[in-house]
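Undergrad: For reference, the structure I am asking about is given below.
The values are calculated or read from the model by the stated rules, or taken from the named source; none is laboratory data. Keep in mind it's a predicted model, so treat the numbers as computed, not measured. Cβ coordinates were reconstructed from backbone atoms using ideal geometry, including for glycine residues, and neighbour counts include every protein chain displayed.
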Amino acid sequence: MLTRETIAGKLAGVGYIADPDLAAVLWLMDYLGRPLLLEGEAGVGKTEVAKALAALHGCELIRLQCYEGLDQNAALYEWNYQKQLLAIRLLEGTSAAESLEAHVFSAAYLLERPLLRAIRSARPVVLLIDEIDRADEEFEAFLLELLSDFQVTIPELGTLTALSMPRIVLTSNGTRDISDALRRRCLYHYLEFPDISRETRILLTKLPQISAQLAGQVAEILASLRKEDLTKRPGVAETLDWATSLIGLKVEDLGASPEAAYACLAALLKTKDDRANISLDVITRLTGKLEAV
């Protein structure tokens, strides 16, 4: 098991720049064997944490994307009805007909969905339950058995306990309150937008072709831009797209290139109101502060 001192470095090695608090929580996750609930605004990198964990441990990432109306048929299992019907027809009139029901409701006829795949995997996996706040409260209640005991119950088969202990990461954008019952079963961390230093490191890690000067300037502009009156603050993915666009335009110094910075805003701002609020004058003002540094 990784130590608190080494986990941040290992994450950096697979391309994720973690702050010390997150590194400590990920260490606790392994040490205590508990699921982790990550909350934070869209774009701060919650999903990337699970991807980085899978890369770090060299294991499969199994992702369940939550949405309104999600139920256990989509999340846990379904019966393979076509295969069951075929088996029923083949066994009718034979000596095996008496045990037909038990036969067709066996594990061989299950269609595994993400939660069951994670439980039945012989090797540990990272299970990402993404945007749990988009699912209904009933689905949260359904998850409690998995989160507390690493097991699931299928009426026809009984209780299935995990063959190997999955690392479970749940994410929430905070669009609704998560139940206390779910929170109690998880470790918790609130992920903020990266500060200038960490976002600079992210840019240098993800975009090897970017200069240290441009990376620092992009990170500084993003820190200022997120303080503006925006309906959707740009996330790390948007930062990377914007920086890549600037590289494509051969920008070396944002302080001398406000027009180029403004021309690439389609990669950064994703709503009509935000595009209207951030004019060339705003970008010129922000890049002008870079010149004074």
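Undergrad: Looking at (1) without any contact (Cβ under 8 Å) to a residue 60 or more places away in the chain; (2) surrounded by 20 or more Cβ atoms within 10 Å (Cβ to Cβ); (3) of a type in the set (A, V, I, L, M), which is the only condition I202 fails?
TA: Every condition holds for I202 apart from (1).
Let's see how each residue does on (1) surrounded by fewer than 12 Cβ atoms within 10 Å (Cβ to Cβ); (2) more than 25 Å from the chain's Cα centre (by Cα); (3) closer than 14 Å to L222 by Cβ; (4) assigned by TED's automatic domain parsing to the domain that holds T200:
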residue	(1), (2), (3), (4)
G235	no, no, yes, yes
L246	no, yes, yes, yes
E252	no, yes, no, yes
S257	no, yes, no, yes
Y262	no, yes, no, yes
L268	no, no, yes, yes
K272	yes, yes, no, yes
I283	no, yes, yes, yes
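Undergrad: When you scan the stretch 207-222, do you find a residue that is assigned to a loop (DSSP other than H, G, I, E, B), exposed (fewer than 14 other Cβ atoms within 10 Å of the Cβ) and touching a residue at least 12 places away in the same chain (Cβ under 8 Å), even just one? Break it down stepwise before answering.
TA: Residues of the stretch 207-222 that are assigned to a loop (DSSP other than H, G, I, E, B), as a first pass: 207-211.
Pick out the ones that are also exposed (fewer than 14 other Cβ atoms within 10 Å of the Cβ) and you get 208-209.
The next check asks that each one be touching a residue at least 12 places away in the same chain (Cβ under 8 Å); those that pass are 209.
The answer is yes; a qualifying residue exists.
Undergrad: For the stretch 134-187, give me the residue count where each residue is more than 30 Å from F105 (Cβ to Cβ), assigned to a helix (DSSP H, G or I), touching a Cys at 6+ places or on another chain (Cβ under 8 Å) and not basic (K, R).
TA: Of the residues in the stretch 134-187, 0 are more than 30 Å from F105 (Cβ to Cβ), assigned to a helix (DSSP H, G or I), touching a Cys at 6+ places or on another chain (Cβ under 8 Å) and not basic (K, R).
Undergrad: Can we say V152 is assigned by TED's automatic domain parsing to the domain that holds L28 and crowded, with 19+ Cβ neighbours inside 10 Å?
TA: On the way: assigned by TED's automatic domain parsing to the domain that holds L28: yes; crowded, with 19+ Cβ neighbours inside 10 Å: yes.
Judged against the criteria, V152 is a match.
Undergrad: Taking the condition of being within 24 Å of L147 (Cα to Cα) and aromatic (F, W, Y), how many residues in the stretch 1-49 meet it?
TA: Residues meeting the conditions: 2.
Undergrad: I would also like to ask the following. All but one of (1) in a helix (DSSP H, G or I); (2) under 17 Å from S224 (Cβ atoms) hold for L269, so report the exception by its number.
TA: With (1) in a helix (DSSP H, G or I); (2) under 17 Å from S224 (Cβ atoms) applied to L269, the lone miss is (1).
Undergrad: Is there a residue in the stretch 157-164 that is without any contact (Cβ under 8 Å) to a residue 40 or more places away in the chain and at positive phi?
TA: So in the stretch 157-164, the residues without any contact (Cβ under 8 Å) to a residue 40 or more places away in the chain come out as 158-159.
Now drop any that are not at positive phi, which leaves 158.
Looking through the stretch 157-164, at least one residue is without any contact (Cβ under 8 Å) to a residue 40 or more places away in the chain and at positive phi.
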